[in-house]
Amino acid sequence: MIKKFIRKIFHLREDVEINFYITDFLFRKIFRQNASVNWAVHHTATIRSGQNIIRGKGSYPGDSPGVYINAYNGVKVGAFVNIGPQASIVSSNHNFFENEKIEAAAPVKIGDYSWLGSHAVILPSVELGRFTIVGAAAVVTKSFPEGYVVLAGNPARIIRHLNKDACEQFAARKI
């Protein structure tokens, strides 16, 4: 009963243990690791330019262990997106000649209800549509804005199309 009361007062997620929030407070507020992020993240995550991340309802980029997000050029994460352990989202690249310079690029966009598997890598300017599943260790180098697909490989390619009606029925139940 007390745990529910505490979760309600502090707006804490039901699917995350209290010790996650205590560790997050210690690393983000005291040690200032990932301080540019305004939601709880795993203490082993690395998030650069967290203020450039726009996230949708039910999405918490960086809550899995070892996630790396470079949001220098912006990252937009849709609603109810899951990002697996050790996944990377990279929104910028270095200049080929002057390594200290960051190249401009379009923001990375990840559509609603998408899922990035463990060790997946999303590279600059990539746009993924709704219900895009990126398999473990896939490297996404180009956009798949149509969504409703499963991607795998390096470079990632479509290995399966999802049933759009079934996906939309699922989405209707989440709202």
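The values are calculated or read from the model by the stated rules, or taken from the named source; none is laboratory data. Here the structure is a predicted model, which means the values were calculated and not measured. Using ideal geometry, Cβ is built from the backbone for each residue, glycine included, and neighbour counts are taken over all protein chains shown.
For the range 107-166, the set of residues classified as of a type in the set (Val, Ile, Thr), in contact (Cβ under 8 Å) with a residue 24 or more places away in the chain and surrounded by fewer than 22 Cβ atoms within 10 Å (Cβ to Cβ) consists of Val121, Ile159, listed by residue number. Sort out which residues of the range 18-57 are of a type in the set (D, E, K, R), under 20 Å from the mean Cα position of the chain (by Cα) and assigned to a loop (DSSP other than H, G, I, E, B), and write them in order of number. Once the filter is applied, which keeps residues that are of a type in the set (D, E, K, R), under 20 Å from the mean Cα position of the chain (by Cα) and assigned to a loop (DSSP other than H, G, I, E, B), the range 18-57 yields only Lys57.
All told, Ile83 meets the bar of being buried (at least 20 other Cβ atoms within 10 Å of the Cβ) and closer than 23 Å to Arg28 by Cβ.
Of the numbered criteria (1) out of contact with any Gly (no Cβ under 6 Å at 6 or more places or on another chain); (2) in a loop (DSSP other than H, G, I, E, B); (3) among the basic types (Lys, Arg), the one Lys109 fails is (2). Quick check: anything in the range 32-46 under 18 Å from Leu128 (Cα atoms), buried (at least 20 other Cβ atoms within 10 Å of the Cβ) and aliphatic (A, V, I, L, M)? Within the range 32-46 (the criterion being under 18 Å from Leu128 (Cα atoms), buried (at least 20 other Cβ atoms within 10 Å of the Cβ) and aliphatic (A, V, I, L, M)), the answer is no, since none of the residues qualifies.
Of all residues in the range 118-149, those that are part of a strand (DSSP E or B) and over 20 Å from Ser91 (Cβ atoms) total 2. Scoring Asp15 on the criteria (1) part of a loop (DSSP other than H, G, I, E, B); (2) acidic (Asp, Glu); (3) surrounded by 11 or more Cβ atoms within 10 Å (Cβ to Cβ) leaves a single failure, condition (3).
Within the range 86-106, restricting attention to residues that are assigned to a loop (DSSP other than H, G, I, E, B) and touching a residue at least 12 places away in the same chain (Cβ under 8 Å), the residue that is surrounded by the fewest Cβ atoms within 10 Å (Cβ to Cβ) is Ala104.
Answer yes or no: is there a residue in the range 55-63 that is more than 30 Å from Ala172 (Cβ to Cβ), modelled with pLDDT of 95 or more, of a type outside the set (Phe, Trp, Tyr) and surrounded by 12 or more Cβ atoms within 10 Å (Cβ to Cβ). Within the range 55-63 (the criterion being more than 30 Å from Ala172 (Cβ to Cβ), modelled with pLDDT of 95 or more, of a type outside the set (Phe, Trp, Tyr) and surrounded by 12 or more Cβ atoms within 10 Å (Cβ to Cβ)), the answer is no, since none of the residues qualifies.
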